[in-house]
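Coordinate-derived values only; no laboratory data. Small disclaimer: the values here were computed from a predicted structure and weren't measured. Because the Cβ atoms are built from the backbone with ideal geometry, glycine has one as well, and the counts that use them run over all protein chains shown.
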Amino acid sequence: MSDVTLTGYHLSVYTWAARMALAAKGVRFGTREIDPFEPENREAMRKLHPFGKVPVLEHDGFRVYETQAIMDYVDGAFDGPTLTPVTPKHRARMRQVMGIVDSYVFQPLVLGVFVHRVYRPLVGESVDEAAIAAGLETAGPVLDALEEIAAEEQTLVPGRLCLDTCLLWPMLGYFRMAPEGAEMMSARPALAAWAAWAERCDAARESRPELPEGADR
Ligand SMILES: N[C@@H](CCC(=O)N[C@@H](CS)C(=O)NCC(=O)O)C(=O)O
């Protein structure tokens with residue numbers, strides 16, 4: 001039996017990011033599915049994570065939360081291809097991308113645009129057009145920043161899998177399911193080339209969640 005357990009929610013982008021890093025390293029792991037948004041799960045979640053979020057990784061009695069920390073641990077603790085660049089410039093750009101993801105991508109592009117334009121209609125829930133509009137307005141400058149980084153070719157380079165791709169792809173993969181998101185990403189060629197590769201890489205395909213029926217992917 002695996003001594004690595006990932007507690008998460010299959011549709012969560014952060015859980016997908018952790019799964020993608022585990023897949024990239026070839027780590028066999030068990031999963032414990034929990035929906036952190038369900039009020040009845042709150043108490044159980046807080047026993048594992050003081051802020052009640054997913055994912056949480058456990059390995060040999062060591063528990064770690066916060067996805068960037070989980071990814072660092074996975075990359076360092078297990079054999080397999082290294083996902084952390086060696087050169088200072090590449091490593092700095094990778095960390096820059098991961099900071100951008102946490103600070104500027106998750107809220108507007110995932111919780112704003114994806115959730116309201118793609119997910120909530122699929123499950124028959126109400127849509128907040130204002131949240132979509134606000135997310136799209138914020139998305140432009142965020143994608144411009146990522147395009148500049150991809151065009152520089154230190155990181156987000158097709159064919160070179162690092163931790164930043166594991167964190168960013170799940171979020172931009174979801175964002176791109178919104179028609180407006182797809183259009184905005186295709187207008188940024190370096191980012192679009194990275195996304196076309198990221199989507200097809202083994203780690204992304206192995207870790208990809210099953211969305212409710214009808215999702216256009
Ligand atoms: N900073 C956390 C963010 C994790 C996060 O926001 N996870 C979401 C799911 S994608 C969650 O658990 N949300 C539950 C909630 O906000 O109540 C990390 O990097 O792991």
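Cβ-Cβ below 8 Å, separation at least six or inter-chain, first residue in the stretch 45-61 and at positive phi, second in a helix (DSSP H, G or I): which pairs?
52/42; 52/45; 52/46
Is it the case that some residue within the stretch 28-38 is among the polar types (S, T, N, Q) and over 19 Å from the mean Cα position of the chain (by Cα)?
no
Among the residues of the stretch 71-91, which ones are free of Cβ contacts under 8 Å to residues at least 60 places away in the same chain, under 30 Å from residue 141 (Cα atoms) and under 19 Å from the mean Cα position of the chain (by Cα)?
91
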